[in-house]
Ligand code: ARG
């Protein structure tokens with residue numbers, strides 16, 4: 001798919017190559033530095049070296065030799081030291097960008113980079129009978145944004161919640177459930193109660209050999225498929241999924257599969273045999289199966305001496321299964337940095353076994369979360385944050401903002417807005433910077449109405465909507481104010497025809513050039529597995545919009561024609577911002 005921004009780059013490149021002075025593979029066009037009054041730059045260093053001339057001289061020669069097609073989006077070219085700078089034709093470029101946003105609507109920015117390719121995204125992946133802690137929260141948010149972004153790029157995405165529903169600890173859990181029954185709470189409180197129950201029984205098991213033996217037997221019964229054990233286990237899995245679902249709904253999270261670790265149980269024997277046959281693993285004197293991939297990686301177990309399997313074993317089987325089932329180009333693991341070595345071992349083993357030939361296995365790592373005192377969150381320290389509690393707190397704080405800002409709105413509407421703002425703020429706090437960096441839970445900053453936060457961007461969006469509805473007042477007399485407000489995501493339509501060539505103010509042009517870059521931001525996010533480039537685009541667009549509002553009156557523009565042209569800019573900005581935020585999982589209320 002070619003957008004105006006792509007076309008301008010293609011035309012600049014073609015004009016360069018048509019001079020016959022430079023080779024195609026030494027032409028790389030870059031974005032000029034912020035203070036340079038140009039739209040695209042060609043750094044001549046490499047081409048000049050190949051030709052044996054000085055870069056500034058080559059830039060001069062090229063500037064003189066280039067002929068620009070009068071129909072091109074590129075309007076000017078000039079040498080500046082070693083750079084050759086291109087400028088766009090504002091009238092034509094603006095018209096092309098506004099036209100494509102108008103035409104494509106919610107599809108604006110999408111691409112076809114991934115068409116014909118599948119990608120599996122392994123994300124969220126909490127454990128049964130436990131609350132989701134910050135690691136799972138980050139995985140859930142980053143993973144869903146990646147699913148959205150990759151889908152927008154034409155990939156077939158397969159989102160899989162790799163639920164921790166198998167392993168040694170289930171013996172203890174089953175004893176506990178059998179003896180004490182299921183705690184009466186629901187939601188995250190139920191999971192907290194199960195954590196406590198489990199902790200209590202782990203303590204008891206340590207002191208009481210008979211109980212320990214009982215836990216071991218339950219574990220064995222579960223593995224052998226004993227119906228009673230299976231039933232208890234299934235109940236624990238189901239109630240965990242049920243407890244987590246409301247939070248997933250609030251975050252807009254949707255999985256294609258929740259296979260969970262247990263799903264791979266029937267495939268484990270084959271995996272272990274493959275590893276032994278291929279000599280990637282050996283059985284040691286205790287009977288355990290040990291994988292040794294050479295000096296670069298520490299050895300690890302595929303099977304314990306008692307025959308039990310491990311997290312690793314199930315994950316390798318998952319790779320074999322996923323590759324066979326989905327033929328993915330990539331499998332992404334959205335997992336915190338503490339599991340980096342673990343995943344390196346896993347990927348190395350899968351490749352050694354030939355399970356992932358031609359498949360990229362990628363660890364999309366993310367850093368830890370700090371509390372507002374800069375302390376890492378940890379269960380031991382007692383400052384751990386859990387998902388539902390976090391979303392509730394965000395909602396509560398957002399609600400008091402909305403109550404102050406819009407006391408005239410009905411209660412249910414303020415509540416809806418508070419949910420969008422609170423949850424949006426939490427999501428954005430996870431996505432607005434390189435995922436590997438730590439994030440801080442600082443409510444002041446997260447919910448700030450100015451600065452790099454979701455509420456600021458949502459607020460700028462809502463301003464667009466209010467200008468648009470004011471402009472259409474009278475134009476659509478049959479729609480009541482209330483209907484217009486509550487219609488979810490009603491399309492932005494009904495604007496008067498406009499002439500974009502009237503747009504010449506620097507703030508107008510700067511904003512339209514921002515809008516032109518959404519497709520590039522989405523592509524970059526998909527290529528680097530980093531939603532931050534889309535988040536950045538949203539923030540920069542909101543800022544460009546603020547500059548436009550400051551300098552260019554819309555409803556009070558000097559002429560009706562200019563007013564119409566500016567309204568189109570506002571409508572296009574609202575459309576593009578909504579799409580950008582939607583990819584991150586952030587909602588855009590029409591009022592704030
Ligand atoms: N359940 C694991 C945990 O809580 C995360 C699983 C990540 N995904 C994977 N395929 N290993 O740490």
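Details
- Meets criteria (within 16 Å of the ligand (Cβ to nearest atom) and either free of Cβ contacts under 8 Å to residues at least 60 places away in the same chain or more than 22 Å from residue 170 (Cα to Cα) (or both)) for residue 278: no
- Per the conditions (1) exposed (fewer than 15 other Cβ atoms within 10 Å of the Cβ); (2) touching a strand residue (DSSP E or B) at 6+ places or on another chain (Cβ under 7 Å), the sole criterion not satisfied by residue 207 is (2).
- Of all residues making up the stretch 152-170, the number that are away from the ligand (no atom under 13 Å from the Cβ) and either in a loop (DSSP other than H, G, I, E, B) or under 30 Å from residue 115 (Cα atoms) (or both): 8
- When we screen 188, 178, 223 for residues that are over 30 Å from residue 363 (Cβ atoms) and away from the ligand (no atom under 15 Å from the Cβ), the only hit is 178.
- Selection count where residues are surrounded by fewer than 23 Cβ atoms within 10 Å (Cβ to Cβ) and within 11 Å of the ligand (Cβ to nearest atom), scope the stretch 326-338: 2
- Test result for residue 219, closer than 18 Å to residue 304 by Cβ and either at pLDDT 95 or above or part of a helix (DSSP H, G or I) (or both): yes
- Looking at 261, 285, just one residue is modelled with pLDDT of 95 or more and more than 36 Å from the chain's Cα centre (by Cα), and that residue is 285.
- Yes/no for residue 355 being touching a helix residue (DSSP H, G or I) at 6+ places or on another chain (Cβ under 8 Å) and within 30 Å of residue 118 (Cα to Cα): yes
- Put simply, of 96, 78 the only residue that is in contact with a helix residue (DSSP H, G or I) (Cβ under 9 Å, 6 or more places away or on another chain) and either farther than 30 Å from residue 502 by Cβ or in a strand (DSSP E or B) (or both) is 78.
- Within the stretch 430-455, considering residues that are part of a loop (DSSP other than H, G, I, E, B) and out of contact with any helix residue (DSSP H, G or I) (no Cβ under 9 Å at 6 or more places or on another chain), the one surrounded by the fewest Cβ atoms within 10 Å (Cβ to Cβ): 437
- When residues of the stretch 302-325 are limited to those that are more than 18 Å from residue 222 (Cβ to Cβ) and within 11 Å of the ligand (Cβ to nearest atom), the one surrounded by the fewest Cβ atoms within 10 Å (Cβ to Cβ): 312
- A single entry from 104, 173, 197, 191 fulfils the requirement of being at negative phi, surrounded by fewer than 23 Cβ atoms within 10 Å (Cβ to Cβ), in contact with a helix residue (DSSP H, G or I) (Cβ under 7 Å, 6 or more places away or on another chain) and part of a helix (DSSP H, G or I): 197.
- Inter-residue pairs, beta-carbon under 6 Å, first touching a residue at least 12 places away in the same chain (Cβ under 8 Å) and in the stretch 323-339, second part of a strand (DSSP E or B) and near the ligand (Cβ under 8 Å from one of its atoms), 6+ apart: 333/122
- Applying the set (1) more than 27 Å from residue 530 (Cα to Cα); (2) more than 12 Å from the ligand (Cβ to nearest atom); (3) touching a helix residue (DSSP H, G or I) at 6+ places or on another chain (Cβ under 9 Å); (4) touching a residue at least 12 places away in the same chain (Cβ under 8 Å) to residue 264 leaves exactly one unmet item: (2).
- Selected residue (criterion: modelled with the lowest pLDDT) from residues of the stretch 133-144 that are more than 9 Å from the ligand (Cβ to nearest atom) and in contact with a helix residue (DSSP H, G or I) (Cβ under 9 Å, 6 or more places away or on another chain): 134
- Within the stretch 353-370, the set of residues being more than 12 Å from the ligand (Cβ to nearest atom), more than 16 Å from residue 138 (Cβ to Cβ) and surrounded by 18 or more Cβ atoms within 10 Å (Cβ to Cβ) comprises 353, 355, 356, 359.
- The residues listed here are 341, 346; of these, the one that is surrounded by fewer than 17 Cβ atoms within 10 Å (Cβ to Cβ), under 21 Å from residue 303 (Cβ atoms) and over 21 Å from the mean Cα position of the chain (by Cα) is 341.
- Test: residue in the stretch 218-234 that is touching a residue at least 40 places away in the same chain (Cβ under 8 Å), touching a helix residue (DSSP H, G or I) at 6+ places or on another chain (Cβ under 8 Å) and surrounded by fewer than 15 Cβ atoms within 10 Å (Cβ to Cβ): no
- Being modelled with pLDDT of 95 or more, closer than 27 Å to residue 266 by Cα and more than 11 Å from the ligand (Cβ to nearest atom) is a property that residue 147 lacks.
- Answer from 34, 129 - the residue that is in contact with a helix residue (DSSP H, G or I) (Cβ under 7 Å, 6 or more places away or on another chain) and either within 16 Å of the ligand (Cβ to nearest atom) or outside any strand (DSSP E or B) (or both): 129
- Residue list for the stretch 439-458, filter: within 17 Å of residue 375 (Cβ to Cβ) and under 16 Å from the mean Cα position of the chain (by Cα): 439
- Looking only at residues of the stretch 8-28 that are touching a residue at least 40 places away in the same chain (Cβ under 8 Å) and either in contact with a strand residue (DSSP E or B) (Cβ under 7 Å, 6 or more places away or on another chain) or surrounded by 16 or more Cβ atoms within 10 Å (Cβ to Cβ) (or both), we find that the one that is nearest to residue 86 (Cα to Cα) is 12.
The values are calculated or read from the model by the stated rules, or taken from the named source; none is laboratory data. Remember, it's a predicted structure, so these values are computed and weren't measured experimentally. So basically every Cβ, Gly included, is an ideal-geometry build from the backbone, and we count neighbours across all protein chains shown.
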